[in-house]
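Peer 1: Let me give you the structure first, and then I'll get to my questions.
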Amino acid sequence: MELFLDSSNPREIDEARSWGLISGVTTNPSLIAAVGADMVPNLRRIVDASPGPVLVQAIGWNDPAPLMRQARWLHDFSEKIVVKLPMSEAGIQALLHLKREVTDMRLAVTAVASIAQAYLCGKAGADIVAIFNGPLDQGVDAMIELVEPVRTIYANYGFQTKILSCGRYPRLFGEVAIAGTDICTLKMEFMRLLYRHSYTDQRMTGFLSDWQKVFGDQTWPQG
């Protein structure tokens, strides 16, 4: 499973990249808008900061024509960019047309919230299906199980579409990993939580305290 950072902040991307484990970056219109009005220079900074693919969403919902025009521009902007199209009739129409027209363009479908929608994305030949299982999980009492049935459907019909899960908290991260998602994207606040646990903090504090009682600030010799 690949780890992506959900961010439009180059400083965050640089920090997460320095940890050595993220493979790419996801963005959305809200994240891009939060950075400021200079969208093209800001996009360049995001792309430059990312260690790999950057998912960028075409703006619109119900008309395939502007979605396709934006997708062509984004594709030409950087080879790192994977264009996200909306889960709608227009989004799927744009996907089908672009796949015929520009064979090397990588396309994702975003805001997928059901097994039926995920099937349509696979059937249409999307490179990535972005399942919003994290936000859905936060809004209901029961766990939303989408990755495993979608994984089964894709295997049944030979769809090559990768599954991207929108992660929230370590519990959901673990669940989508077990279910076989290909990519998990997390905001920085959730990415940090993967590295942390109260028991780990407690044990490390105890180890250091016991050591310092005998050795003070000494450590093992450093080569």
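Peer 1: Given the residues Thr152, Thr205, Thr219, which is the only one that is surrounded by fewer than 16 Cβ atoms within 10 Å (Cβ to Cβ), of a type in the set (Val, Ile, Thr) and not in a helix (DSSP H, G or I)? Walk me through it before giving the result.
Peer 2: Values: Thr152 fails: not in a helix (DSSP H, G or I); Thr205 fails: not in a helix (DSSP H, G or I).
Criteria check complete, one pass: Thr219.
Peer 1: Moving on. How many of the residues making up segment 183-199 are surrounded by fewer than 17 Cβ atoms within 10 Å (Cβ to Cβ) and either in a loop (DSSP other than H, G, I, E, B) or small (Gly, Ala, Ser) (or both)?
Peer 2: The number of residues fulfilling the criteria is 4.
Peer 1: Further question: In segment 115-131, what residues are surrounded by fewer than 18 Cβ atoms within 10 Å (Cβ to Cβ) and either modelled with pLDDT under 85 or farther than 15 Å from Ala179 by Cα (or both)?
Peer 2: Ala116, Lys123, Gly125
Peer 1: Could you please tell me which pairs satisfy a Cβ distance under 7 Å, a separation of 6+ or placement on different chains, a first residue in segment 166-186 that is within 12 Å of Met1 (Cβ to Cβ), and a second residue that is of a type in the set (S, T, N, Q) and not in a strand (DSSP E or B)?
Peer 2: Once the first residue is within 12 Å of Met1 (Cβ to Cβ) and sits in segment 166-186, its partners that are of a type in the set (S, T, N, Q) and not in a strand (DSSP E or B) give Val176/Asn133.
Peer 1: Does segment 146-156 contain at least one residue that is of a type in the set (D, E, K, R), modelled with pLDDT of 95 or more and within 20 Å of Val56 (Cα to Cα)?
Peer 2: Taking every residue of segment 146-156 in turn, none turns out to be of a type in the set (D, E, K, R), modelled with pLDDT of 95 or more and within 20 Å of Val56 (Cα to Cα).
Peer 1: Can you tell me which condition Ala94 does not meet? The list is (1) at pLDDT 95 or above; (2) closer than 24 Å to Gly180 by Cα, and all the others hold.
Peer 2: Of (1) at pLDDT 95 or above; (2) closer than 24 Å to Gly180 by Cα, only one is false for Ala94: (2).
Peer 1: May I ask you to verify whether Arg171 is modelled with pLDDT of 95 or more and either in contact with a helix residue (DSSP H, G or I) (Cβ under 8 Å, 6 or more places away or on another chain) or over 27 Å from Leu95 (Cα atoms) (or both)? Show your work before the answer.
Peer 2: Numbers: modelled with pLDDT of 95 or more: no; either in contact with a helix residue (DSSP H, G or I) (Cβ under 8 Å, 6 or more places away or on another chain) or over 27 Å from Leu95 (Cα atoms) (or both): yes.
Taking the combined requirement at face value, the residue does not satisfy it.
Peer 1: While we're here: Residues that are of a type in the set (Val, Ile, Thr): find the helices (runs of 4 or more DSSP H) completely inside segment 11-94 holding 3 or more of those. Don't jump to the end; show me each part of the working.
Peer 2: On the way: elements: 29-35, 39-49, 64-77.
Fully inside segment 11-94 and qualifying: 39-49.
The values are calculated or read from the model by the stated rules, or taken from the named source; none is laboratory data. In this text the structure is predicted, and so the values were computed from the model without any measurement. Every residue, glycine among them, receives a Cβ derived from its backbone with ideal geometry; neighbour counts consider all protein chains shown.
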